Amino acid sequence: MYRDNSLMPKEAVRLAVLGTLIQNGPQRYADLAGALRHFLDRIVGPSLDLMGTSLEMLRYEGLIEALDGTGMEDNALLGATEAGRAEFDTLMRANVRAPSADGLNKLVIALKLRFLHLLDVESQRDQIDHLASLCETELARLGDLKRGSAGTDGHFADWLEHDIAQAEERLAWFNTLLSRL
């Protein structure tokens with residue numbers, strides 16, 4: 001993890017693997033690899049940072065295990081271990097970094113929302129509250145940028161208004177989700 005206790009790309013992939021196995025139960029190696037590739041590519045696009053984590057490494061570390069067969073070569077049925085479940089819990093509780101253009105935060109938020117229901121209700125509330133706080137911070141940053149660029153020519157002000165509206169909508173969505181728990 002980064003110093004701020006937020007996920008690095010390889011840890012986001014770990015979360016995707018472990019969450020998928022915990023949520024859906026054991027899966028064949030090829031099916032799991034294909035589902036992960038599809039999800040990750042659709043959220044952040046092809047990324048060398050995300051392609052580096054292999055299922056074999058997670059197996060070697062004891063986070064997943066082959067329930068039959070040995071691995072990729074015989075399309076083994078893979079499942080999460082108890083150590084993998086503990087790692088999933090740690091990864092789900094990790095911080096999310098302030099928004100950035102690299103796509104990793106979008107992936108981490110998507111993974112948290114995809115697997116949030118696997119946590120106890122209080123942990124779900126904590127995670128949603130943290131995500132809402134990120135939206136509030138983003139709105140403050142964008143508001144400051146808007147004030148600092150008032151009266152400038154071009155299309156920046158319109159784009160900024162659009163960005164602010166999206167952040168406000170995200171904040172409202174998180175607050176609604178929080179009230180439903």
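The values are calculated or read from the model by the stated rules, or taken from the named source; none is laboratory data. Quantities reported herein were computed from a predicted structural model and do not represent experimental measurements. Neighbour counts are summed over all protein chains in view; Cβ atoms, including those assigned to glycine, are modelled from backbone coordinates with ideal geometry. For accessibility, only protein heavy atoms count, side chains too; no ligands or nucleic acids. Shrake-Rupley method; radii C 1.70, N 1.55, O 1.52, S 1.80 Å.
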Accessible surface, the chain, averaged per residue in Å² (probe 1.4 Å): 56 Å²
The chain, dipole about Cα centre (Lys/Arg Cβ +1, Asp/Glu Cβ -1), debye to the nearest 20: 120 debye
Principal axis dimensions, region 9-93 - Cα atoms, whole angstrom, descending: 32, 29, 21
Amide proton proximity set for I64, modelled H, under 5 Å, gap of 5+: R59, T81
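Extension gain E73-H130, at 0.36 nm per residue separation less the Cα-Cα distance, in nm? Before the final figure, lay out each step's value.
Numbers: separation 57, 0.36 × 57 = 20.52 nm, distance 4.14 nm.
Taking E73 through H130 to full extension adds about 16.4 nm, to one decimal.
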CD proxy at 222 nm, helix term only [per DSSP H run n ≥ 4: -39500 (n - 2.57); per residue of the chain; nearest 500]: -21500 deg cm²/dmol
Accessible-area composition of the chain, carbon plus sulfur, in percent [1.4 Å probe]: 53 percent
Span-like helix ranges in the chain, DSSP H, alpha carbon extent 20 angstrom or more, Kyte mean at least -0.5: 9-24, 29-44, 156-180
Within the chain, longest stretch clear of exposed trypsin sites (Lys or Arg not before Pro) (DSSP loop, no more than 14 other Cβ within 10 Å): 4-92
Reference-scaled alpha-carbon Rg (2.2 N^0.38 Å with N residues) for region 103-179: 1.31
Under 12 Å, Cβ to Cβ, from L78 - net charge with Lys/Arg +1 and Asp/Glu -1: -3
